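The values are calculated or read from the model by the stated rules, or taken from the named source; none is laboratory data. These numbers come from a predicted model, not from an experiment. Every residue, glycine among them, receives a Cβ derived from its backbone with ideal geometry; neighbour counts consider all protein chains shown. Side chains are part of the model used for accessible areas, which takes the heavy atoms of the whole protein and leaves out ligands, DNA and RNA. Shrake-Rupley method; radii C 1.70, N 1.55, O 1.52, S 1.80 Å.
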Amino acid sequence: MQVCQPLAEAANFSCHAIQQLEQKLAVLRQEHSPIKHFEDYEGEIHKLFIEAEQSVLAEDLTGLDIDVPAIEVSGVCYHRVLRSSETYQSAVGPVRVLRTLYRNGKDHSIIPLELQAGIVEGYWTPKAAKQAVWMVAQMPPGEAKSLLDLIGNMTPSESSLARLPKKFNAQWEPNREAFEDFLWESVKVPEEAVTAAASLDGVMLPMKDGKRQEKREQNRVDGKRTRGPAGCQEASCGTLSFYDAQGERSTVRMSRMPESKKVTLKQSLSALLSEALRQRPDLTLVKVADGAKDNWTYLANELPEGHEVVDFYHAAEHLKKAFDLSYGENSNKSREKFITYRHILKEEPEGVEKVIKALAYQHKRHPRRSKLKTELEYFRSNRTRMNYAEHLSHNLPIGSGVIEATCKTLVTQRMKCSGMRWRHPGGQGILTARSLIQSGMFDNGWKLLAVTYCAKVTEVGMDNVIPFPMQKGDLEL
């Protein structure tokens, strides 16, 4: 069977690259015989294979270039204006290739090689971009750069790594709803799952607003808190967890940069829960959160009917504070009452009613202690969500530890390191990537994103080519 010319040339080049690698490897082994410093020898071996891989990638990328008078992409005709060399960052380092640029009109230019290879942001090969996004989602760009230097493969600059989350976000957000629909459909509810638990919460994040005093003054006018780190806003986190009868759990996590009323996060969580219940309408739904009013406005009114639970550990903190206000902070009497009523609240049927009765008595004894009244009202307003003994008897979760941990691992650990401050685009790029990673969806999410950098390129027949006026600077290099 006759091999077509391009394939034959590619095969010949690959054979040549392998022959060169074998020759260099033989020389290297001779120079290091006997091997005295294996780490140095290992590094030289790695460099040889990297160079060979770079050569093959450069040749294959060049094979994706199209050099004809005109091409068509998505029904639009583009004319050739320039051929020049460009360096792309691959997963094994920089590769330099000759490629052709086409233009439609004065400003809109495309490069067929990049569209056919799926080059990301005009610089990264797909695999390199995927690895780089994963790294900067997990660690600051400086640390990612140090790790890459140690590994010895690709060599992007720290600034290139730092820009990547913003670029990632600019490509993801316009397609977010469609991407999430696909990802949520790919979430398979475990067959052994009997309970689904939905939660949301927030964590303060330092922002680059540059208006600290103005922000505090505006918060005062709006009746919001004015203390705490100036320039901070609340990022939001959401989780949907699936529990089996033994309490084993799997969780999908999501997070958004600060936004009024957590609108986008709530939409995403609702869509995910809807898909989960479509798959498994028999699941018992539990809604768990702290006592924040906005959380329950959403959980109670916008999600399907289910069990509503105020996180027991937040409730216990309020109980401790109430007895401290009654008997003195950390006094023996306060600790004794707290231990007793904490057990009652958690283990006894209608335990919350006994707690309310005890705190009402303390408030009657100390009517001027306004903070004690606040704690009493906390239990009164959430009494229907504090049936902990009943929930435990049905093996339902009563704690929001999952969402608390999500706030810490998704946001705090990566985005609250010393000196960090954020703007929305770059921060959201990191939160989106971290959410995908922690939910086991990064590979699927990346495949969706990578497609947006690709396009079908068609050569235009000479009969259909309309002469394109050359612009100043349109030269053959």
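Sub-8 Å Cβ pairs linking a first residue in the stretch 435-464 that is surrounded by fewer than 18 Cβ atoms within 10 Å (Cβ to Cβ) to a second residue that is acidic (Asp, Glu), at least 6 apart or interchain, are THR458/GLU72; GLU459/GLU72; VAL460/GLU72, ordered by first then second residue.
Just one residue in the set ALA129, ALA170, ALA137, ALA162 is under 30 Å from GLU59 (Cβ atoms) and outside any strand (DSSP E or B); that residue is ALA129. Scanning the stretch 341-362 for residues that are under 15 Å from ALA389 (Cα atoms) and of a type outside the set (Lys, Arg) yields TYR341, HIS343, ILE344, LEU345, GLU347, GLU348, PRO349, GLU350, GLY351, VAL352, GLU353, VAL355. Evaluate the stretch 248-266: report whether one residue or more is part of a helix (DSSP H, G or I), out of contact with any Asp or Glu (no Cβ under 8 Å at 6 or more places or on another chain) and under 25 Å from SER381 (Cβ atoms). Among the residues of the stretch 248-266, at least one is part of a helix (DSSP H, G or I), out of contact with any Asp or Glu (no Cβ under 8 Å at 6 or more places or on another chain) and under 25 Å from SER381 (Cβ atoms), which makes the answer yes. Pairs meeting the criteria (first residue in the stretch 243-261 and free of Cβ contacts under 8 Å to residues at least 40 places away in the same chain, second residue open to solvent by 20 Å² or more (accessible area, probe 1.4 Å), beta carbons under 7 Å, at least 6 apart or on different chains) are LYS261/ASP294. Summed over the stretch 105-160, residues that are crowded, with 21+ Cβ neighbours inside 10 Å, touching a Gly at 6+ places or on another chain (Cβ under 7 Å) and of a type in the set (Val, Ile, Thr) total 0.
Annotation: of all residues in the stretch 271-304 being over 22 Å from GLY399 (Cβ atoms), out of contact with any strand residue (DSSP E or B) (no Cβ under 9 Å at 6 or more places or on another chain) and part of a helix (DSSP H, G or I), the one that is most open to solvent (accessible area, probe 1.4 Å) is ARG278. ASN332 meets each of the listed conditions (1) open to solvent by less than 20 Å² (accessible area, probe 1.4 Å); (2) over 21 Å from ASP290 (Cα atoms) apart from (1). Screening HIS32 on (1) open to solvent by 80 Å² or more (accessible area, probe 1.4 Å); (2) at pLDDT 75 or above shows it passes everything except condition (1).
Within the span defined as the stretch 345-361, every residue fails to be of a type in the set (Phe, Trp, Tyr), at negative phi and in contact with a helix residue (DSSP H, G or I) (Cβ under 8 Å, 6 or more places away or on another chain).
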